[in-house]
1. If you check every pair at least six apart or on different chains, which have Cβ atoms under 7 Å apart with a residue in the range 211-233 that is at pLDDT 95 or above first and a residue that is near ligand 1 (Cβ under 9 Å from one of its atoms) and in a helix (DSSP H, G or I) second?
2. Could you list all residues from the range 383-414 that are under 23 Å from residue 428 (Cβ atoms) and away from ligand 1 (no atom under 16 Å from the Cβ)?
3. Can you pull out every residue in the range 238-259 that is assigned to a helix (DSSP H, G or I), surrounded by 15 or more Cβ atoms within 10 Å (Cβ to Cβ) and more than 16 Å from ligand 2 (Cβ to nearest atom)?
4. Being in a strand (DSSP E or B) and more than 22 Å from residue 174 (Cα to Cα) is the filter here, so list the residues in the range 336-365 that pass it.
5. Search the range 181-192 for residues being touching a helix residue (DSSP H, G or I) at 6+ places or on another chain (Cβ under 8 Å) and over 19 Å from residue 34 (Cβ atoms), and hand back the single one that is surrounded by the fewest Cβ atoms within 10 Å (Cβ to Cβ).
6. Please find, among 51, 72, 14, the residue that is in contact with a helix residue (DSSP H, G or I) (Cβ under 8 Å, 6 or more places away or on another chain), surrounded by fewer than 24 Cβ atoms within 10 Å (Cβ to Cβ), in contact (Cβ under 8 Å) with a residue 40 or more places away in the chain and under 22 Å from residue 144 (Cα atoms).
7. Only residues that are outside any strand (DSSP E or B) and either touching a strand residue (DSSP E or B) at 6+ places or on another chain (Cβ under 8 Å) or near ligand 2 (Cβ under 10 Å from one of its atoms) (or both): list them for the range 389-410, please.
8. Suppose we filter 174, 160, 179, 186 for residues that are within 17 Å of the chain's Cα centre (by Cα) and closer than 17 Å to residue 84 by Cα; which single one remains?
Ligand code: MCA
Ligand code: AMP
């Protein structure tokens with residue numbers, strides 16, 4: 001029975017003893033062993049009610065088993081719904097309620113909280129810990145080879161939630177074809193082969209680490225040096241065994257801050273790729289001076305996978321995100337009308353192609369708002385295109401902060417702060433941060449007689465929103481700067497706090 005994504009990514013490796021994952025301690029997991037792990041997990045999922053088209057929500061630490069859980073979902077046709085491990089139970093409740101999965105897989109350490117959430121939504125809770133154990137993993141004797149579910153390219157493979165400007169997260173529905181078409185283009189464009197060993201230190205609950213890195217390596221038949229998270233010493237130790245690396249800009253600035261990181265350590269590397277957040281041109285230049293390698297920067301979104309990339313051969317222009325990928329149309333349009341604008345001018349970056357998602361889960365109106373009638377998806381990013389076709393991202397039409405590659409929507413944080421007793425209103429902005437690119441700052445207006453403190457605000461945020469979204473600095477003011485229309489002038493706040501985190 002056809003299942004295009006499984007047939008392309010996993011099935012070709014059945015029985016292969018080639019190492020797929022190489023772990024920090026040197027242990028290797030062959031493709032065959034990995035697929036067997038996926039069969040075990042598939043057995044458990046099916047027994048717990050997962051079925052083709054049903055969602056499986058997952059909040060677990062990165063491990064070989066966590067990746068095999070993705071493979072299992074593809075095989076049985078369930079819709080994989082990964083969640084950031086930093087999300088609080090409150091945040092997870094929203095996703096689970098919205099997506100109504102049949103199965104929730106979570107860390108045994110938070111089984112009580114997640115169990116209660118799963119219960120409320122009639123889902124079954126299974127557990128998977130960072131060490132790869134838990135009720136998701138059946139005993140060896142119980143493992144059966146599960147059948148490959150019949151799926152078409154238009155069937156959903158995954159839902160990934162992205163925060164919304166209104167504060168409500170939206171589930172981007174990604175079909176098998178969205179993922180597969182993009183993976184095929186990227187393998188080709190970036191010349192990945194079975195000889196590649198990708199240094200993988202990204203989380204696997206987002207597009208970058210899951211689809212861009214893992215799907216590409218599976219399709220190429222290469223191996224991944226699979227680290228639980230980014231750790232500087234591990235990176236330095238394992239770079240010499242890798243041929244390629246994908247990372248957010250923070251990976252690159254941290255490596256450059258380390259004097260052990262030099263040309264010798266990277267001399268056999270084939271490719272360094274950066275994305276998810278802007279890579280400063282100066283990082284690009286410093287990296288080349290130190291290592292002789294030019295980082296290849298690309299641009300993508302949860303809703304679209306990858307859209308543009310600097311070329312493998314040819315000029316990798318610092319400060320640009322490169323050229324539209326084959327099969328993807330990228331245009332710069334008038335943000336208000338969607339009409340064409342003069343070449344070189346700043347406009348709305350809009351995307352059309354097989355990589356573009358089909359819409360937001362249960363949100364047809366939101367979906368309609370973000371597409372033009374001619375099928376172009378409005379990215380919310382502002383950019384220009386130069387005479388050679390290279391795109392540069394110069395700003396955002398959406399009020400978004402990107403911190404260490406994670407997206408934070410100010411509205412979501414403001415809504416929580418505004419609920420706190422003694423707070424009249426607040427404005428949350430991102431300002432330059434040497435490690436994370438942008439750091440979150442909250443400017444708070446207390447009620448006239450209020451006695452609210454930054455400690456009280458931090459305490460109230462603690463259980464509500466993920467740590468990475470919480471302000472790294474809280475300041476108070478009598479009134480927010482507003483223009484004559486009453487709109488908060490966030491640029492003034494950004495200017496005021498611009499130097500806060502600078503070294
Ligand atoms: C951790 N912290 C952060 C972040 N990460 N604060 C702000 N922004 C962050 N990104 C906080 C923690 O809450 C903690 O706070 C302290 O920093 C140390 O935490 P730790 O876990 O030790 O941090 P780390 O391991 O050093 O993590 C930093 C990191 C990580 C390696 C940059 O955030 C990361 O792996 N980022 C990658 C994100 C990613 O994959 N994005 C792709 C999205 P405290 O000490 O105060 O408790 S996909 C996408 O964007 C599109 C599709 C695309 O184009 O790719
Ligand atoms: P996400 O919603 O997590 O998928 O984040 C997508 C957003 O990340 C895009 O809309 C861009 O704003 C940003 N992004 C991704 N890659 C780059 C890049 N190379 N340079 C600048 N911004 C980027």
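1. Pairs found: 230/251; 232/254.
2. 394, 395, 397, 399, 411, 414
3. 238, 239, 254, 255, 256, listed by residue number.
4. 340, 347, 348
5. So, considering only residues that are touching a helix residue (DSSP H, G or I) at 6+ places or on another chain (Cβ under 8 Å) and over 19 Å from residue 34 (Cβ atoms), the one surrounded by the fewest Cβ atoms within 10 Å (Cβ to Cβ) is 184.
6. 51
7. Of everything in the range 389-410, those that are outside any strand (DSSP E or B) and either touching a strand residue (DSSP E or B) at 6+ places or on another chain (Cβ under 8 Å) or near ligand 2 (Cβ under 10 Å from one of its atoms) (or both) turn out to be 389, 390, 397, 398, 400, 404, 405, 409, 410.
8. 160
The values are calculated or read from the model by the stated rules, or taken from the named source; none is laboratory data. Everything numeric in this text was worked out from a predicted model, so none of it was measured. Neighbour counts run over all protein chains shown; Cβ positions are idealised from the backbone, glycine included.
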